[in-house]
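Student: Just dropping this structure here.
Laboratory data are not the source of any read-out in this text; all were calculated from the coordinates shown. Because the structure is predicted, anything quoted here is derived from the model rather than measured. Cβ atoms come from the backbone with ideal geometry, glycine included; neighbour counts cover every protein chain shown.
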């Protein structure tokens with residue numbers, strides 16, 4: 001018997017990941033989503049992910065930078081990396097991204113919580129061996145975050161390419177889970193004399209620190225406009241993803 005479950009009406013839309021026992025949100029299931037738009041937005045508004053896998057029965061979760069092209073996720077690192085050497089042969093992996101959006105303080109310790117967005121993606125990770133795909137990926141890891149930047153940089157050398165391993169994973173299944181609301185106190189606790197509320201959390205772009213050895217006349221490029229001082233990082237990354245997708 002297939003382990004695929006019957007999704008809700010929302011999740012039967014064409015642009016949604018299949019729902020199975022593996023990716024179905026079980027706890028507080030009403031916070032779960034499986035549509036591409038929601039999952040991709042969470043992935044695209046972050047630079048850092050964690051990739052989980054198992055080596056000889058020992059679980060590992062490795063933080064790394066990821067980027068997305070359609071339903072394909074990429075990440076890269078040193079060819080000497082244990083994670084990347086293990087994933088070369090093609091192995092089941094789970095890539096997760098999470099955002100902390102707020103601290104939720106209630107009138108009881110039990111009801112304290114956080115506002116968050118999280119995405120969990122399942123697939124088979126594989127080594128990118130095709131030279132053309134690897135070359136595109138090594139451009140993508142730069143241009144996805146900093147639009148059109150690769151064209152103005154010193155070209156990557158053959159040795160640098162050899163020293164870099166690129167892993168790709170098609171998203172076979174995925175789910176998103178979001179909490180975005182206020183305090184969830186019990187009705188009988190509402191009059192308890194303790195402060196309750198939400199403390200929002202944001203990652204904000206700071207002032208640019210230009211390298212002091214930049215030659216005169218070299219200005220910060222206009223393509224970095226999404227990373228304006230005071231901008232929220234989530235929004236900047238979503239903007240650069242839209243530019244990257246063309």
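Student: By how many degrees, between 0 and 90 and to the nearest 10, does the Cα long axis of helix 233-245 differ from the longest principal axis of the chain?
Tutor: Its long axis makes an angle of about 50 degrees.
Student: Once you have all Cα-Cα distances for segment 10-201, histogram them in 10 Å bins from zero and send the whole-percent values.
Tutor: 8, 29, 29, 19, 10, 3, 1
Student: Right, here's the next one. So how far apart, in nm, are the two label points at residue 135 and residue 181 if each is 7 Å from Cα heading toward Cβ?
Tutor: Between residue 135 and residue 181, the label points sit 5.2 nm apart.
Student: Grab the Cα-Cα distance for residue 245 and residue 31, subtract it from 0.36 nm times how many residues apart they are, and report the gain in nm with one decimal.
Tutor: 74.2 nm
Student: Sort the following peptides by mean Cβ neighbour count (other Cβ atoms within 10 Å, averaged over residues), highest first: 218-227, 143-152.
Tutor: 143-152, 218-227
Student: Can you tell me how much longer the chain between residue 15 and residue 204 gets when fully stretched, taken as 0.36 nm per residue apart minus their C-alpha distance, in nm with one decimal?
Tutor: Length difference between fully extended and current span is 64.9 nm.
Student: Something else now. Name the shape class, rounded, prolate or oblate, that the alpha-carbon gyration tensor gives for segment 117-170, where a ≥ b ≥ c are the square roots of its eigenvalues, rounded holds for a/c under 1.5, and otherwise prolate holds if a/b is larger than b/c and oblate otherwise.
Tutor: It is oblate, given that a/c is not under 1.5 and a/b is not larger than b/c.
Student: What is the spin-label model distance, in nm, from residue 218 to residue 22 if the labels are put 7 Å beyond Cα along the C-beta direction?
Tutor: 4.6
Student: Same structure, new question: Calculate, for residue 124 and residue 189, the FRET efficiency according to 1/(1 + (r/R0)^6) with r their C-beta to C-beta distance and R0 45 Å; round to the nearest 0.05.
Tutor: My answer for the efficiency is 0.40.
Student: Sort the following peptides by mean Cβ neighbour count (other Cβ atoms within 10 Å, averaged over residues), highest first: 196-202, 177-183, 55-61.
Tutor: Result, highest mean first: 177-183, 196-202, 55-61.
Student: Taking square-rooted eigenvalues a ≥ b ≥ c of the alpha carbon gyration tensor, is segment 123-244 rounded, prolate or oblate, where a/c under 1.5 means rounded and, failing that, a/b exceeding b/c means prolate?
Tutor: oblate
Student: Sticking with this structure for a sec: At R0 = 41 Å, how high is the FRET efficiency between residue 58 and residue 161 if r is their beta carbon distance? Nearest 0.05 is fine.
Tutor: So, using R0 = 41 Å, E works out to roughly 0.85.
Student: Additional query: Evaluate the distance, in nm, between pseudo-label points positioned 7 Å from the Cα of residue 72 and of residue 154 along their respective Cα→Cβ axes.
Tutor: Distance between label points: 2.9 nm.
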